[in-house]
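As structure tokens, the structure follows; a few thoughts come after it.
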Amino acid sequence: MKIPFLDLSRIDNELKETLKAKFSEVLDAGIFSGGKEVDLLESSISRILNSPFSISCANGTDALELALRALDIGTGDEVIVPAMTWVSTAEAVVLVGAKPIFVDTDENGLICSDWEKAISPQTRAVIPVHLYGKMVEMESLLSKAKSHRLLVIEDAAQAFGAFQNGKAAGRWGDIGCLSFYPTKNLGALGEAGMCLTSSSELAQRIRLLANHGQPVRDQHVLIGRNSRIDSIQAGFLNVFLKDWEANLANRKAFAQIYLEELAGISEIRLPSGLDQPDHNAHLFVIQTNRRDELKAFLAESGIGTAIHYPMILPDMKQFRTEGDFINARNLAFQGLSIPLNHMLSSPEVRKIVDDVKSFFR
Ligand SMILES: Cc1ncc(COP(=O)(O)O)c(C=O)c1O
């Protein structure tokens, strides 16, 4: 039995037909940028996440950059970023001319609770990243940020559908950023992203920035860029949105099996909080100091795994920063993502559990 880490071609036939029908519909309508699919996507996300303003854009990296620009963060400013995250979080900061200041994470990869130590007179914002789908404790982060008059941009790229105290990931900060990259819980058949905000002023600015500064066609009121979403991707996302809750339930059920079955293995540190509403079960990252050996063993047995991520950002030459970043570094050296997605079958999950157990036996 071959079990890829994630095989996006495993879409069931009925869903494939619905996606093909959506493609034909958009083709017949002849509107490929903007239009009713984009409006529907934005209003659906607003409804599901209770977001007053949801502004689609080309991808999650752009969402972060647009958020920073909308908040006027740029040259001379510092932004606090966790050392373990996907590279986009820090890239966006550099792209607007600001400087990322890295802080360590906790053992689960979430920004450490003493991130305030990194505040300087130049600090304008902090970016909590809901890594692997688990939300940062937002109430305490927001109150610290408020006491230092810092802006908060949530990187909720991995956390669509996670809710803390009833409030969605991406809805807590001044602006929240989503990615609909194909591997995400809600993924397009290409690239797409979104900014969420409660501020009509910020929403308007993000819209202008993502569309050449145009409030109406051929009027350009500021320097923007093109980061519009494709209508076809909005259309596909509207199709996928119908199943997001059922898919989440599947992920959670598989995660629960892993948690129960792997609990007794002393050489593994299991992820926490997957059974809570503020985790969307995006990734199941175990930690073991025999990570590379386990990865090879599972590969030999036909099971694909992944590493999120093998290098912390302060170790990359473009971001080089001295520091221990102990927890973040541990994740880079010891973290291994085992398959977790709604398209797995129960026998596959069983085999993954059995093989992990037999490796440590
Ligand atoms: C934590 C995090 N931030 C930002 C992004 C960027 O999103 P995108 O790939 O849509 O640009 C991703 C996704 O890849 C991510 O995982």
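If Phe160 meets every condition in (1) in contact with a Lys or Arg (Cβ under 8 Å, 6 or more places away or on another chain); (2) away from the ligand (no atom under 12 Å from the Cβ) apart from one, which number is that one?
(2)
Within region 19-59, how many residues are closer than 21 Å to Gln164 by Cα and part of a helix (DSSP H, G or I)?
Keep residues of region 19-59 that are closer than 21 Å to Gln164 by Cα, which gives 44-54.
Going one step further and asking which of them are part of a helix (DSSP H, G or I), we end up with 44-49.
The total comes to 6.
Which numbered condition trips up Glu65, out of (1) more than 16 Å from the ligand (Cβ to nearest atom); (2) open to solvent by less than 30 Å² (accessible area, probe 1.4 Å)?
Here Glu65 meets the rest and fails (1).
Quick check on my filter: what residues within region 68-89 are more than 12 Å from the ligand (Cβ to nearest atom), touching a helix residue (DSSP H, G or I) at 6+ places or on another chain (Cβ under 7 Å) and outside any loop (DSSP other than H, G, I, E, B)? Steps first, please.
As a first pass, look at region 68-89 and keep what is more than 12 Å from the ligand (Cβ to nearest atom): 68-80, 83.
Subsequent filtering for residues that are touching a helix residue (DSSP H, G or I) at 6+ places or on another chain (Cβ under 7 Å) retains 68-70, 79-80, 83.
Selection gives Leu68, Arg69, Ala70, Val79, Ile80.
Is it the case that Gly176 is crowded, with 20+ Cβ neighbours inside 10 Å and within 16 Å of the ligand (Cβ to nearest atom)? First the steps, then the outcome.
Working: crowded, with 20+ Cβ neighbours inside 10 Å: yes; within 16 Å of the ligand (Cβ to nearest atom): yes.
In short, yes.
In the set Gly235, Gly264, which member is modelled with pLDDT under 95 and either assigned by TED's automatic domain parsing to the domain that holds Met343 or crowded, with 20+ Cβ neighbours inside 10 Å (or both)?
Numbers: Gly235 fails: modelled with pLDDT under 95.
Going through Gly235, Gly264 in turn, the sole match is Gly264.
Against the conditions (1) surrounded by fewer than 24 Cβ atoms within 10 Å (Cβ to Cβ); (2) part of a helix (DSSP H, G or I), where does Ala92 fall short? Just the number, please.
The single condition Ala92 does not satisfy is (1).
Please determine, by comparing only the residues of region 205-247 that are in a helix (DSSP H, G or I) and among the small types (Gly, Ala, Ser), which one is nearest to Pro347 (Cα to Cα). Walk me through it before giving the result.
Going residue by residue through region 205-247, those that are in a helix (DSSP H, G or I) are 205-209, 231-241, 244-247.
Now narrow it down to the ones that are among the small types (Gly, Ala, Ser): 231, 234-235, 246.
Working: Ser231: 38, Ala234: 34, Gly235: 33, Ala246: 19 Å.
Restricting to residues being in a helix (DSSP H, G or I) and among the small types (Gly, Ala, Ser), the top hit is Ala246.
Being outside the structural domain of Asn185 (by TED's automatic domain parsing), open to solvent by less than 30 Å² (accessible area, probe 1.4 Å) and farther than 18 Å from Phe5 by Cβ: is that true of Phe319 here?
On the way: outside the structural domain of Asn185 (by TED's automatic domain parsing): yes; open to solvent by less than 30 Å² (accessible area, probe 1.4 Å): yes; farther than 18 Å from Phe5 by Cβ: yes.
When the stated conditions are applied, Phe319 passes them.
Kindly indicate whether Gly133 is modelled with pLDDT of 95 or more, in contact with a strand residue (DSSP E or B) (Cβ under 6 Å, 6 or more places away or on another chain), surrounded by 22 or more Cβ atoms within 10 Å (Cβ to Cβ) and within 21 Å of Ser272 (Cα to Cα).
Working: modelled with pLDDT of 95 or more: yes; in contact with a strand residue (DSSP E or B) (Cβ under 6 Å, 6 or more places away or on another chain): yes; surrounded by 22 or more Cβ atoms within 10 Å (Cβ to Cβ): yes; within 21 Å of Ser272 (Cα to Cα): yes.
The answer is yes for Gly133.
In the set Ser227, Ser200, which member is in contact (Cβ under 8 Å) with a residue 24 or more places away in the chain, over 22 Å from Leu19 (Cα atoms) and more than 16 Å from the ligand (Cβ to nearest atom)?
Working: Ser227 fails: more than 16 Å from the ligand (Cβ to nearest atom).
Every option except Ser200 fails the conditions.
Taking region 127-152 as the search range and keeping residues that are within 11 Å of the ligand (Cβ to nearest atom) and in contact with a Ser or Thr (Cβ under 9 Å, 6 or more places away or on another chain), which one is farthest from Thr183 (Cα to Cα)?
Going through region 127-152, the residues within 11 Å of the ligand (Cβ to nearest atom) turn out to be 127-133.
When the remaining residues are screened for being in contact with a Ser or Thr (Cβ under 9 Å, 6 or more places away or on another chain), the result is 127, 129, 131-132.
Values: Ile127: 22, Val129: 17, Leu131: 14, Tyr132: 12 Å.
For region 127-152, the residue satisfying everything is Ile127.
The values are calculated or read from the model by the stated rules, or taken from the named source; none is laboratory data. On a predicted model such as this, the values are computed, not experimentally measured, just so you know. Neighbour counts are summed over all protein chains in view; Cβ atoms, including those assigned to glycine, are modelled from backbone coordinates with ideal geometry. Just the protein is used for accessible areas: all its heavy atoms, side chains included, with ligands, DNA and RNA removed. Shrake-Rupley method; radii C 1.70, N 1.55, O 1.52, S 1.80 Å.
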